[in-house]
Every structure is written in C-alpha cells, then in structure tokens.
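> This structure is in structure tokens; I'll ask about it shortly.
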Ligand code: ANZ
C-alpha cells in the first residue's frame, strides 16, 4: 500500500481546485439559502503567523460547514493594508510603504494559497488601493453632508513617539499608546471627528439582540465603553455671568446637599471664570492648569489620589434653595464628561467629601442612610466616609421623607417645574477622532481656502473628482513631526478650481478603522468603480451570518462597524442595522504560556510549520487543541499526532472494497449506528463551535471503522464505505486536502468541499431515554425507562402493564388517569 504523503496530496489537489474555483459564488447566488462567513481581514505586516493560521482555520471550518449543509456561502478575503506599522517599517528600512505593503500582501497570499482556506478569491480587495479608498472618501463625504463628520479644536491624545493623535480606544489602561508604548499626553489640535455619540443609545440598546450570538465578554466591553449614565442636568446660575452652567448628576435627589461646585481645570468654563477672577486667583489657576495637563486621564480618575484644586473666585446659586456656593477647579472633574462641571455633594460622594475635608468646605447630610440594625451611619465629615446608599431624605424641603428613588424622580419634577433642569443621560463614549497626521492612509477629501477671498472656508471635493489619490512618497519626509507629511506635497496640495480660486487639500489621512468599518460591504462589489457597494447584493447577502476574529477588536473595530452600518442604514442603503449576527473570538496561540514574539525568541514560524507538516495537520492540530475561544499553547500540542490521525483516516478510505453507490442498508448495523450518530451530532457541535469535539469524534469513527475492517465486517461491507464517506465529508472542514484525496479513493469526483452532508437516519440512532414515574393514589409505585419521544397512549399503556402498578391497583376500579409525558403517569382509584 502506498503511504500518506501530505506533500504529494497537496500537490495533487491545489491545481485542481485552482482550476475548479469551487468557492466563487456570484452575487445573485443560486436558489440555495445564503450564508456570509467572514474572517477579520489581515494586516500585511510580514508573512502570516500562527495567530492567522488559527483564526483562518476556524472561520474556514464554519464556511465549509455551511456549504456542506446546502448553503451558498460567501467567504471572501482582503487586506487591511493602510496604517502606521507599514509606515514605520518603511521609515526604518528606507523603502516605499507602498512597496513594503504589497510585497507583504503577496507573501501572505502565497501562504494562504497552500493553507487553502475556502476563499472566493475573485473578490479580493486591499484598502490601500485607490479603487477601495475612493469609497472611504465617498463615505466621508456622505457623513460630512449629514453633519456626521465635523472638525473641532480639542484636547487630543498625543503619542509623542509616533507623533500622531490616538483615539481614546488606542490608549491603554495604563495611559500608554497601544502602538508605540509611549506615555500618551494631551495636545490641543483641530481634528476631524465622526459623530458616533449621536448613535450611543442605538449602539447600546441593539446589543441586547446579540445576546447569545456574541461572546458575553465582548457585549459587556461594548456596554462599558458606551457607558450610559442616567440622571439629571441641573442648571446653576453663576453670579456675574449671563448664561447658566449645566452640570450632570446621577443623584438629583441630593441637590440640597450640594455645598460647592467643581469645574474641570481644562474646560472652557474654567478658563472663562479665571479671566474675571482676582489676579491672585487667576495666577493660581494658571499654575494648576499646567499641573493638570501633565496628569494622565487614568491618574485623574483614580479616586484614591489626594485631592488638589483652586478656588475660582466665583459663586454659583443652587437652583432649589437659592444658596450661594463657591466654585472651585479640580482635576478629578474631567472636561469631556457630562458638562465638565459638577455639583459637589460631599456627604454622599466620596471624592467630593475628600475634597471638602481637604479644603474645609461644608458637608451637609441630606440622605439618612442606616445600617442593618437601623442605626444611622456616622456623620461623613467625622468618619471620612461618604454615605452613598439608599435612605430617607432630610434637610431637603419638598423631598423630605422620600426614599432615594422617589426623591430622584421628584427632584427632576421640581427642576422641570422651575425650568432649571431636566432628566438627562450622559455617555462615556466620545466622538470618533478620525484624522491622522500620517502618510499611509486615505486622504481626507476636503479643500481649505488658500487665498484672501476664501480664507477659512472649507469645501468638499466633488464626487466626480474622487479618488483624491495619495501622492507618491518619494521626496516626502515621512518621519512623524506632528503635522501631516502630505502638507509638504505642495504640488498635490494646491488646487485651483474652475473659477480660478486657490484651495489647498486637507493634509490629514483617515484612521484606518474607517477602512475596516465597512469593508464587508465592498466584497459584494470589489471590482465596481461606479459605487461603493451594490445595495441589492448587500441586502441579499448581509448582514454577516458569522464573523470570526480576535478579541483585541472587541471594542474599536466592532463598535465602528456597527456605527457605520447604522449610518448607511439611515442613509437608505442597508436593510439591516447590525453588521455581524454571530461572532466567534478565537484565543491566542502561545508558546510556553507566553505570547509569541520575535523579541522573546519564542516565535513559531507559520511558514516553516506549514512546510514541515502541511496545511491539514496544522489545521487539525489547531481545531483539536481545545475550544476555539481558549488560548492554545503550541508547546502542548502534537502536530505529529494529528498527522498520524490523518494517515489512519486516509488508509481507511484506501481499504474500502465496495463499489461507489452501493446500498448501505445491508451493512453492519453497529458500524452504521456509529456513523449515523456522528452525522446527527456533528452539526450541533459545529454550530456551537465545538470543533475539538468533532475532531475527537472523527478520530473515534476512524478507529471503529478500522476495527470493522480488520476484525468484523471486512473491507467490502457497505457500512465501511458509508463510514469512510461520512468521514471524508466531515473531515473536509478541517483537512481539505486529505479529505479530497479520500473522496477520490472512494471513487468520487472533486470536490468533496461542495458535497452535501449525508442525512442521519433516525431509525439508526440510539434514542434518548427518560425515566417515567407511575403513581397510584399519589404514591410512587414504579419507575419505567422509556424513549424520550414516548406518546401519551404509549405511556399509559406501559404504566398499566407494570406489575408493581397492577399489584397496587389490586381489584379496585380506576377512576382517572393523568398522563404528563414523558415524566409521570398518575392513576387515581375509586
Ligand atoms: C452629584 C452627586 C451626588 C453625584 C452623589 C454622585 C453622587 P457616572 O455614574 O460615572 O455617570 N460627575 C459628573 N460629571 C463629571 C465629570 N465631568 N468629571 C467627574 N465627575 C463627574 O457618574 C456621574 C456622577 O459623577 C455625577 O453625579 C457627578 O457627581 C460626577 F451623592 O452629582 B454626582
């Protein structure tokens, strides 16, 4: 017998598949139902690595599965090919980012070719192609028209190493840059934003429908990121200032206990109040502001830090009791949350209490909070502990005697009656900062006035003038310096319109998360130069039925895609409002418990593993290592073990001695039952991502079949063929080459990948059994083991036939029988 040789098998089938192109599906599809299965597209930073191998293996298992279940499956691939790493690598190596990027794409494509995920290659896209980013610009202009793209000057997160702004999402919890690791500082710049905050409620509320379809962890991360708080907006008058100042509070019930106000030092209000403060107060404020700007956002939110602040030399009027309260500035109040100013209630808010104790400001209890014994909690001023819990309102005029929740509602009514406040919500979510001062991205299609007559004016580039092409990098200094390298491309930047007026192009490029926020739509029309996507095709295939990718994208990419999908829905292009109906987050591939990296010297090279073991053994190893959500330690797996299993499976197919098309009915019953149980269980297991269990079941099936050949039925038994065919079909999800070769050995034509799964015959399945209790006059007399599918009549008959039951009945007459299948039969006697 010939021996299993993965290389020969790969060489045999790759050209056949490339000829057949079995995974290309037309937009129109066929009359089959449709599934759109997508893996998060790769970033071309070098060759594929083990993380890619894993992610693309799992996505491919699902794509192949749905094909086998009779669906038309769209499973495209593209490259997320703009972005900082390409540019930084290019600067380091002195090469053109374009060349570097496309060379890496070519290398990844070559690896994918061997690894053989079932992609529809006809739809391939690269976001750095003008044919793609033209539509990024189109999207930007749509957003601009709708007022969803706007420019404002604000404090931004600045990465001093990469010399670029970062979205909040790109700043890690320790205040460093996700990209460079540098400590992020604040800088005031005029930037482009997308108004994602307009969609905060929908982005939050629509998560509920994804429950059970997305990992719970991701849903929670999204919810926390949006961070909706409900409460009230209260307007405070400030003496000597015309306009009132709103504050956001979750506790309007505590208004009578507001004994001072605190303003964020870096807010416009603080700056304005400082101007009309005494010279001394103004100076102190200036110093304090400088100090504040050195603090990271994380430090400012650390409640344990000693409180600092300065008096702003102004007083506010509490709208409910007319009390005059001092206005302070302190860094624990953030400029960009709520209204950047708070009413401080030291008795019931710990940060306010710490501040009041530091600066000897009054503390007034307005909620009587008690312990379990009914004793009032000690006075916060003395104990140093603010009382935040539920209680009864005191010292609060019309709110006295109410409990917290009632008092919140009543306080809002009082404010509304007086016109000094209202119910309000606030969010942690900020608008999406999309401009970057870097070269390798989509140019923003906006022109700025460049002569006296149009200075300060902005104009959108006309749709017919798109794309605004990125100029060649030659001659541009790509090194980060705080302003975009494109500003120096003067020939590119200067535009004269038809009327002879001079304009200059916006030099910034777009955050690459714009590119990836809608790419899944472009796969339906990747070659179409007349529209971003074909709405008919997109609505026929979308939303994505199955999305797969890393949990590192739990917030940024998924939130932005959800937002842009909702915008495109509102613009009338999409029928659906959520892009990803189901999400699988795969774990990481580790080595000796640590993340693989070149610097740690523990990198397992995908290319060398692929060369040594072949695609199938790698894929089976990844699928078998554990639940796909868990991390895989490459030190603990056995690729050789997978290869041995594949060889065993392959030999079973080679040994089959019956003809293709033989009637399975007369085959060995035990083996047939085993095969049909596998066919019955595999779909549920795959749909619940239990790939490792399915591989284990395949291993078991191979062993059982081998035994039947050697010891029992023999190679000519039809049940052996039936099993081998089932193995080939299911194995094709994990080991497409081996399965294809088995399929050919079994006398079939390629490709097994399009073969529909044989149906499990219910008659051959071991039925689930249940225990049914039989009672006579309320006493349990017997327990019967019956099939779970038992009918009422069958259950009653079985109960009456029981000897124990007959003994209990004796010669008395039956008055009534109640049957609740499959649990209980209750017999009442006269
Ligand atoms: C008065 C009050 C009394 C408050 C009380 C709390 C307890 P979350 O839940 O995070 O939304 N706050 C409002 N804007 C702020 C800002 N820009 N920087 C720092 N703190 C701010 O918190 C809302 C509460 O945080 C608000 O309710 C406000 O303090 C404070 F017994 O108002 B509260």
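The values are calculated or read from the model by the stated rules, or taken from the named source; none is laboratory data. Here the structure is a predicted model, which means the values were calculated and not measured. Here the Cβ is made from the backbone with ideal geometry for all residues, glycine too, and neighbour counts use every protein chain on show.
> Any residue that is within 23 Å of residue 545 (Cβ to Cβ) and out of contact with any helix residue (DSSP H, G or I) (no Cβ under 7 Å at 6 or more places or on another chain) - is there at least one of those in region 654-670?
We begin by selecting, within region 654-670, every residue within 23 Å of residue 545 (Cβ to Cβ); these are none.
No: zero hits.
> Still on this structure, please answer the following. Does any residue of region 663-671 turn out to be out of contact with any strand residue (DSSP E or B) (no Cβ under 8 Å at 6 or more places or on another chain) and farther than 20 Å from residue 760 by Cβ?
Filtering region 663-671 down to residues out of contact with any strand residue (DSSP E or B) (no Cβ under 8 Å at 6 or more places or on another chain) leaves 663-671.
Subsequent filtering for residues that are farther than 20 Å from residue 760 by Cβ retains none.
Checked against the condition, which is being out of contact with any strand residue (DSSP E or B) (no Cβ under 8 Å at 6 or more places or on another chain) and farther than 20 Å from residue 760 by Cβ, region 663-671 yields no hits at all.
> Okay, next question. Kindly list the number of the only condition in (1) closer than 26 Å to residue 163 by Cβ; (2) surrounded by 12 or more Cβ atoms within 10 Å (Cβ to Cβ) that fails for residue 497.
(1)
> Examine region 239-259 for a residue that is more than 11 Å from the ligand (Cβ to nearest atom), buried (at least 21 other Cβ atoms within 10 Å of the Cβ) and within 13 Å of residue 312 (Cα to Cα), and state whether such a residue exists.
No, the conditions are met nowhere in region 239-259.
> Would you confirm whether or not region 208-215 contains a residue that is at pLDDT 85 or above, farther than 26 Å from residue 151 by Cβ and surrounded by 18 or more Cβ atoms within 10 Å (Cβ to Cβ)?
Checked against the condition, which is being at pLDDT 85 or above, farther than 26 Å from residue 151 by Cβ and surrounded by 18 or more Cβ atoms within 10 Å (Cβ to Cβ), region 208-215 yields at least one hit.
Every residue, every condition in (1) without any contact (Cβ under 8 Å) to a residue 40 or more places away in the chain; (2) in a loop (DSSP other than H, G, I, E, B); (3) on the phi > 0 side of the Ramachandran plot, yes or no:
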residue	(1), (2), (3)
453	no, no, no
456	yes, yes, yes
492	yes, no, no
500	yes, yes, yes
517	no, yes, no
521	no, no, no
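> Of the residues 306, 265, only one is surrounded by fewer than 18 Cβ atoms within 10 Å (Cβ to Cβ), in contact (Cβ under 8 Å) with a residue 40 or more places away in the chain and within 17 Å of residue 355 (Cα to Cα); which?
Values: 265 fails: surrounded by fewer than 18 Cβ atoms within 10 Å (Cβ to Cβ).
Checking each option against the conditions leaves just 306.
> A follow-up question, please. Please enumerate the residues belonging to region 133-156 that are touching a helix residue (DSSP H, G or I) at 6+ places or on another chain (Cβ under 9 Å) and at pLDDT below 85.
Listed by number, the list holds a single entry, 155.
> Something else about it: Within the bounds of region 283-290, is there any residue that is surrounded by 22 or more Cβ atoms within 10 Å (Cβ to Cβ) and either within 34 Å of the chain's Cα centre (by Cα) or under 25 Å from residue 347 (Cα atoms) (or both)? Break it down stepwise before answering.
Taking region 283-290 and keeping what is surrounded by 22 or more Cβ atoms within 10 Å (Cβ to Cβ), we get 285.
Filter once more, so that each one left must be either within 34 Å of the chain's Cα centre (by Cα) or under 25 Å from residue 347 (Cα atoms) (or both): none.
No, region 283-290 contains no residue that is surrounded by 22 or more Cβ atoms within 10 Å (Cβ to Cβ) and either within 34 Å of the chain's Cα centre (by Cα) or under 25 Å from residue 347 (Cα atoms) (or both).
> If you go through region 284-301 one residue at a time, do you hit one that is at pLDDT 95 or above, more than 30 Å from residue 167 (Cα to Cα) and within 16 Å of the ligand (Cβ to nearest atom)?
Checked region 284-301: no residue is at pLDDT 95 or above, more than 30 Å from residue 167 (Cα to Cα) and within 16 Å of the ligand (Cβ to nearest atom).
> Could I ask something else about it? Could you count how many residues in region 533-560 are over 22 Å from residue 62 (Cα atoms) and surrounded by 22 or more Cβ atoms within 10 Å (Cβ to Cβ)?
Initially, region 533-560 is screened for residues over 22 Å from residue 62 (Cα atoms), giving 533-536, 555-556, 559-560.
This time we only want the ones that are surrounded by 22 or more Cβ atoms within 10 Å (Cβ to Cβ), so: 533, 559-560.
Result for region 533-560: 3.
> Looking at region 379-408, which of its residues are within 12 Å of the ligand (Cβ to nearest atom) and part of a helix (DSSP H, G or I)?
Of everything in region 379-408, those that are within 12 Å of the ligand (Cβ to nearest atom) and part of a helix (DSSP H, G or I) turn out to be 380, 404, 407, 408.
> A further question on this structure: Taking the residues in region 619-636 that are surrounded by 17 or more Cβ atoms within 10 Å (Cβ to Cβ) and out of contact with any strand residue (DSSP E or B) (no Cβ under 9 Å at 6 or more places or on another chain) as candidates, determine which candidate is farthest from residue 685 (Cα to Cα).
Result: 619.
> Residues that are surrounded by fewer than 24 Cβ atoms within 10 Å (Cβ to Cβ) and modelled with pLDDT under 95: which helices (runs of 4 or more DSSP H) entirely in region 1-102 hold 1 or more of them?
50-68, 84-93
> Does region 695-716 contain at least one residue that is under 30 Å from residue 25 (Cβ atoms), in contact with a helix residue (DSSP H, G or I) (Cβ under 6 Å, 6 or more places away or on another chain) and not in a helix (DSSP H, G or I)?
Within region 695-716, not a single residue is under 30 Å from residue 25 (Cβ atoms), in contact with a helix residue (DSSP H, G or I) (Cβ under 6 Å, 6 or more places away or on another chain) and not in a helix (DSSP H, G or I).
> Among the numbered conditions (1) without any contact (Cβ under 8 Å) to a residue 60 or more places away in the chain; (2) under 27 Å from the mean Cα position of the chain (by Cα), tell me where residue 102 comes up short.
The one condition residue 102 does not meet is (2).
> For region 672-691, which positions are farther than 18 Å from residue 739 by Cβ and either assigned to a helix (DSSP H, G or I) or without any contact (Cβ under 8 Å) to a residue 12 or more places away in the chain (or both)?
672, 673, 674, 676, 677, 680, 681, 684, 687, 688
> Quick check: anything in region 571-581 surrounded by fewer than 20 Cβ atoms within 10 Å (Cβ to Cβ) and not in a loop (DSSP other than H, G, I, E, B)?
The answer is no, given that none of the residues of region 571-581 is surrounded by fewer than 20 Cβ atoms within 10 Å (Cβ to Cβ) and not in a loop (DSSP other than H, G, I, E, B).
> For region 770-791, which positions are surrounded by fewer than 14 Cβ atoms within 10 Å (Cβ to Cβ) and under 50 Å from the mean Cα position of the chain (by Cα)?
Hits for region 770-791 are 771, 783, 785, 787, 788, 789, 791.
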